[in-house]
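**Student:** Just dropping this structure here.
Just so it is clear, none of the values below were taken in a lab; they were calculated from the coordinates. On a predicted model such as this, the values are computed, not experimentally measured, just so you know. Cβ atoms come from the backbone with ideal geometry, glycine included; neighbour counts cover every protein chain shown.
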Amino acid sequence: MPYRINTGLKGSNPTLQICDASSGSVRVAWEYPRRDPHLSAEELELLQLRREEAIHDLFRRLFLLTTEQYLKGELDEAPALGAWRWRHAGRR
């Protein structure tokens, strides 16, 4: 199943949308949490934690989407997790 990936900015916040190319249905929609300039130090710290959590959630969802494709047989081969790192470190 091919996907169309749309990226952009809402203000200064990055956004990502992954859609099924054939049906157009949205599989993953993500937006980086916004920052309010009138936040206290404690609220800023909580916002930073929310941003980290949002990034972790994005990668978890992308992993699940790739796993779903693999299990349905929609990928030619299994994703090579960490292969880039090994190849560029001079190991195979």
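**Student:** Shape of the stretch 15-64 from its Cα gyration tensor (a ≥ b ≥ c, root eigenvalues): rounded if a/c is under 1.5, otherwise prolate when a/b > b/c, or oblate?
**Tutor:** Verdict is oblate for the stretch 15-64.
**Student:** Under the Karplus relation 6.51 cos²θ - 1.76 cosθ + 1.60, θ = phi - 60°, what is the ordered set of whole-Hz ³J(HN,Hα) values for the stretch 25-40, x standing for Gly and Pro?
**Tutor:** These are the phi-based 3J(HN,Hα) values: 5, 7, 9, 9, 10, 9, 9, 5, x, 6, 10, 8, x, 9, 8, 6 Hz.
**Student:** What distance in nm lies between label points placed 7 Å from Cα along the C-beta direction at Arg34 and Ala54?
**Tutor:** The modelled label-to-label distance comes out at 1.0 nm.
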